[in-house]
Amino acid sequence: MLNTIQPKVTLVGAGPGDPDLLTVKAVKALAKANVVLYDALANEEILNHAPEDAIKIFVGKRIGNHAYTQDQINQLIVDNALTYGHVVRLKGGDPFIFGRGSEEIEFAESFGIPTVVVPGISSAIAVPANLGISLTKRGTSESFWVITGTTSDRNLSNDVSLASKSSATVVILMGMSKLSQIVSLFQKESKGETPVAIIQNGTMPNEKIGVGTIDIIEEVVAENKLSSPAIIVIGEVVKESNKLKGFYEEFLSKEIVS
């Protein structure tokens with residue numbers, strides 16, 4: 001009997017967390033999945049778009065807790081595609097924004113497996129926008145940086161230092177463990193009064209927000225018990241968000257005890 005398995009890999013961006021921010025194309029891809037390999041998604045409701053009998057495998061990573069190494073994930077993608085057919089690799093945000101999606105696609109293609117990429121809404125843009133932060137508000141910011149706070153060798157990206165010298169809005173992903181270093185870099189550039197917003201679990205019902213300035217943001221984080229996954233937004237555009245004005249004014253008007 002001839003093997004009728006048609007291997008295929010679709011790399012799908014799951015968006016920032018709110019399941020309603022999933023794209024129509026992503027929903028269509030999930031509906032045709034034989035296997036779904038999914039990350040530590042902010043909302044697993046997204047998996048409901050896959051067939052009930054589809055195999056669903058958690059391959060997520062959190063600090064200090066990796067279900068699989070990247071090499072193992074690559075191999076799982078290929079093995080399941082060759083065995084079952086259509087594999088949907090579901091990744092948070094956009095798979096090509098610090099998501100290692102290109103590595104996974106390249107590995108699958110090295111086995112001759114056809115691949116498709118379905119872009120996702122990046123949390124770097126959607127999470128600030130959800131709170132009314134315009135990263136490039138006219139008259140305030142002419143550009144924005146999106147930087148990983150933690151590189152593959154677990155160090156702070158050198159680009160944070162470069163960004164601290166600019167007038168651009170700075171968005172830092174995976175940077176909570178490096179917050180002290182980030183603060184120091186901006187303080188060295190005499191930017192202690194620059195507004196900062198930290199948004200944990202952005203776009204989700206359990207979203208938490210901390211707003212202040214570079215000089216006090218670490219105290220804000222401690223007081224509000226903010227932690228990963230969170231996005232750090234640095235720039236004057238933060239205080240111009242109508243949704244955040246109350247937070248911003250509150251944190252600047254009271255004395256925060258270290």
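Observations, loosely collected:
- Ranking 138, 100 from most to least accessible surface, computed with a 1.4 Å probe over the protein chains only, gives 138, 100.
- Heavy-atom accessible surface of the chain, averaged per residue, reaches 50 Å², computed with a 1.4 Å probe.
- Within the stretch 1-91, the GluC sites (Glu not before Pro) that combine a DSSP coil assignment with at most 16 other C-beta atoms in a 10 angstrom radius are 52.
- What a 1.4 Å probe finds exposed on the stretch 84-200 is 51% carbon and sulfur by accessible area, rounded to a whole percent.
- Bridge type composition, the stretch 123-256 - antiparallel percent by DSSP, nearest 5: 75 percent
- Note on residue 243 and residue 151: the model spin-label points, each 7 Å out from Cα along the C-beta direction, lie 3.3 nm apart.
- Sorting 84, 68, 38 on solvent-accessible area from highest to lowest, probe radius 1.4 Å, gives 84, 68, 38.
- Beta-bridge orientation, the chain: approximately 45 percent antiparallel, per DSSP, counting only bridges with both partners inside.
- Under the simplified labelling scheme, the residue 68-residue 55 pair shows an inter-label distance of 1.0 nm, with each label point 7 Å from Cα along Cα→Cβ.
- Modelled label reach - residue 45, point 7 Å along Cα→Cβ, the stretch 122-147 residues with backbone N closer than 16 Å: none
- Square roots of 5 times each gyration tensor eigenvalue, C-alpha, the stretch 1-153, largest first, Å: 30, 17, 14
- For peptides 104-113, 215-224, sequence by mean Cβ density within 10 Å, most packed first: 215-224, 104-113
- Estimated inter-spin distance, residue 100 and residue 189, nm [label 7 Å along Cα→Cβ]: 2.9 nm
- Between residue 20 and residue 250, the contour length at 0.36 nm per residue exceeds the Cα-Cα span by 79.7 nm.
- Computed log₁₀ I(q)/I(0) - Debye formula, equal Cα scatterers, no solvent, the stretch 123-256, q 0.10, 0.16, 0.17, 0.18 Å⁻¹: -0.27, -0.73, -0.83, -0.95
- Integer Hz, Karplus 6.51/-1.76/1.60 couplings in order for the stretch 4-15, x for Gly and Pro: 9, 5, 10, x, 7, 10, 10, 8, 10, x, 8, x
- Only helices enter this figure: runs of n ≥ 4 DSSP H residues, each worth -39500 (n - 2.57), summed and divided by the residues of the chain, yield -8000 deg cm²/dmol at 222 nm to the nearest 500.
The values are calculated or read from the model by the stated rules, or taken from the named source; none is laboratory data. All of these numbers come straight from a predicted model, not from anything done at the bench. Cβ: placed from backbone, ideal geometry, glycine included. Neighbour counts: every protein chain shown. We work out accessible area using only protein heavy atoms, side chains counted, and drop any ligands, DNA or RNA first. Shrake-Rupley method; radii C 1.70, N 1.55, O 1.52, S 1.80 Å.
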